[in-house]
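These notes are about the structure you will find just below.
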Amino acid sequence: MSKRRDESEGSKKYRAGSFAISAMTCPGCRAIIEEPVENCSRCGYSGHSVVKKFPFAAPKIERYIDPNGHFGPADRELIDEALSELATRFPQVRFSFCVVDLEQETDPREFGFWMLNASPVNDPVEEKLRPWTILLLIDSANDRVSVTSGYAIEPFLNEEQWVVLLQFSGRLFLRQDYGVAVLNFVEGAVGVLSEGAERTERRLSLGKAENLGGEVRWK
Amino acid sequence: MEVKRVLLILLALFVPANGGQRDTPLRPANGIYDPEGWLDESVRLEMESDILVAREKGDSAVFVVILPGDAGVGGNEAALEMGRSWGGEGLWGLLLHVIDDPESPRYFGEFSRATDWSEQQTGDFQASIQRALSEAARKARLSADPQSQIASGTRILSEELGYLGLVMEKIEHNNAQARGDRDSGETAGSGSQVRPESIILVVIGVLIVIFVFVFFRLKNEEKREMEYYFPATLPRKRFLAPWSGGGNVLIQFNVTNQGDRRESERRF
């Protein structure tokens, strides 16, 4: 499908906004923001706000964050297998599945935002993986599901497709059959990532044609 | 009745076939043909023993034929015919004694079996047979009376032909060994040569190795082609968050009053 871009193009970086099609929103008030800001212009929200809201240590980001043991060994085996298959196609992407019981007032999107940012990054491997992480947060207490992604993978994802994908497994989430639900999610994620990859390639081709060998427009 | 008729016909066919050999008596079990019982019993027993030794020693056949005095010159032909009939193509010797014939006993012998011997071997062996016959005749004449001569001649002839039987076995053995060496030599010689079949097998083997190598190389390339790497981007860092700007996907699943039907509510 494509060359190994990280090897062939060295440190060349594109503007994330050139690829992104999903809106940026404030984790606090859900207001759409046009440009990256340090504080929400509407509610003043920032990273400090969420740390104050969840004043405890965030768990380490792992493939399974499952304190209540919703994923059995068989579930994990199937999910691991599906992830291995996905990794052969998209080696950069890391998935994490977290099942927690949140308060009714807690927004899983904000909780996911907090987890991805507040979880410790203590080694270079995690430092490299964190921006490419897609966190599926399952609030088992309230039958809610959210998806949060790191900065690196975020521009290439269409959040509308996550919604469709999760709705497909709604009955499984309701039954708290999270193993199968997550397996469906992983298998569907291949399609979401593939669509993102094709869209990215189209944008890259368009950019090169417009610049006719000049400096990359997206940089 | 029909069976009897058939048997009679078969007998009629069989009898003329034997009729052609009516002058040649059946081979004597002890090797001595003495229809008139001219030989003394003690001499006969001694001769039988000697003949048996020759047979056991070298698988050689020795016969003694005693013919009446009126056999005349035709006795030689009869003796040869009997020797060939009884001894077949193997090594045999025959002592012929015509009663009251001063030229008796006479000695005959042959070895006519087809062999793969060399001419030299064949010639030497035939000469040895003749020497054995002469030797037996010469030594037997030293005895006084005819029966003693016959007994002596039989013993000497048995010893000589027994020895020649061993020689014959030795020649066969040596030839067989020579053939074996030659065959193994030929095999070894052929192994050192590069045979076309070997070349073809080597070529096929090399092609298979190349094919496997190319197959896995292409498969690996295909796999690498399947890999997709998203381009690196300058992150849209916001809200002072180092790793993620958060997501906007939230789905609430609700159970309706109608069984396990679900509703999902998307919240933005």
Some residue of the range A:27-37 being surrounded by 14 or more Cβ atoms within 10 Å (Cβ to Cβ) and in contact with a Leu (Cβ under 9 Å, 6 or more places away or on another chain): no
Sole exception among (1) over 21 Å from A:I153 (Cα atoms); (2) assigned to a loop (DSSP other than H, G, I, E, B); (3) among the acidic types (D, E) for A:E62, by number: (1)
Of all residues making up the range A:119-167, the number that are crowded, with 23+ Cβ neighbours inside 10 Å, part of a helix (DSSP H, G or I) and in contact (Cβ under 8 Å) with a residue 24 or more places away in the chain: 4
In the range B:87-133, residue farthest from B:K170 (Cα to Cα) [restricted to those that are more than 25 Å from the chain's Cα centre (by Cα) and of a type in the set (F, W, Y)]: B:Y107
Residue that is farthest from A:V121 (Cα to Cα), among those in the range A:135-159 that are within 13 Å of the chain's Cα centre (by Cα) and among the hydroxyl-bearing types (S, T, Y): A:S146
Criterion violated by A:R175 - all others in (1) buried (at least 21 other Cβ atoms within 10 Å of the Cβ); (2) over 12 Å from the mean Cα position of the chain (by Cα) satisfied: (1)
Set B:D101, B:D145: member being surrounded by 15 or more Cβ atoms within 10 Å (Cβ to Cβ), among the charged types (D, E, K, R) and closer than 19 Å to B:D34 by Cβ: B:D101
Some residue of the range A:15-26 being within 11 Å of chain B (Cβ to nearest Cβ), touching a residue at least 24 places away in the same chain (Cβ under 8 Å), surrounded by 12 or more Cβ atoms within 10 Å (Cβ to Cβ) and assigned to a strand (DSSP E or B): yes
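Taking the range B:153-177 as the search range and keeping residues that are small (G, A, S) and either in contact with a Pro (Cβ under 8 Å, 6 or more places away or on another chain) or surrounded by fewer than 21 Cβ atoms within 10 Å (Cβ to Cβ) (or both), which one is nearest to B:P105 (Cα to Cα)?
Filtering the range B:153-177 down to residues small (G, A, S) leaves B:153, B:158, B:162, B:165, B:176.
Those left that are additionally either in contact with a Pro (Cβ under 8 Å, 6 or more places away or on another chain) or surrounded by fewer than 21 Cβ atoms within 10 Å (Cβ to Cβ) (or both): B:153, B:176.
Working: B:G153: 8, B:A176: 38 Å.
Applying the filter and picking the extreme gives B:G153.
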Condition broken by A:L83, with the remaining ones in (1) touching a Lys or Arg at 6+ places or on another chain (Cβ under 7 Å); (2) more than 9 Å from chain B (Cβ to nearest Cβ) satisfied: (1)
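Scan the range B:5-49 for residues that are in a helix (DSSP H, G or I), of a type outside the set (S, T, Y) and at pLDDT 85 or above and jot them down.
Kept after step one, since they are in a helix (DSSP H, G or I), are these residues of the range B:5-49: B:5-19, B:41-49.
Filter once more, keeping what is of a type outside the set (S, T, Y): B:5-19, B:41, B:43-48.
If the condition is that a residue be in a helix (DSSP H, G or I), of a type outside the set (S, T, Y) and at pLDDT 85 or above, then B:E41, B:V43, B:R44, B:L45, B:E46, B:M47, B:E48 are the ones that fit.
From the residues in the range A:86-113 that are among the acidic types (D, E) and more than 14 Å from chain B (Cβ to nearest Cβ), which one is surrounded by the fewest Cβ atoms within 10 Å (Cβ to Cβ)? Talk me through it step by step, then tell me what you get.
Quick first cut of the range A:86-113, residues among the acidic types (D, E) only: A:101, A:103, A:105, A:107, A:110.
Checking which are more than 14 Å from chain B (Cβ to nearest Cβ) leaves us with A:101, A:103.
Details: A:D101: 12, A:E103: 10.
Result: A:E103.
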From the options B:G93, B:G123, residue that is of a type outside the set (K, R) and touching a strand residue (DSSP E or B) at 6+ places or on another chain (Cβ under 8 Å): B:G93
Residues of the range A:27-58 classified as facing another protein chain (nearest Cβ under 9 Å), without any contact (Cβ under 8 Å) to a residue 60 or more places away in the chain and part of a helix (DSSP H, G or I), total: 2
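The values are calculated or read from the model by the stated rules, or taken from the named source; none is laboratory data. On a predicted model such as this, the values are computed, not experimentally measured, just so you know. Neighbour counts are summed over all protein chains in view; Cβ atoms, including those assigned to glycine, are modelled from backbone coordinates with ideal geometry.
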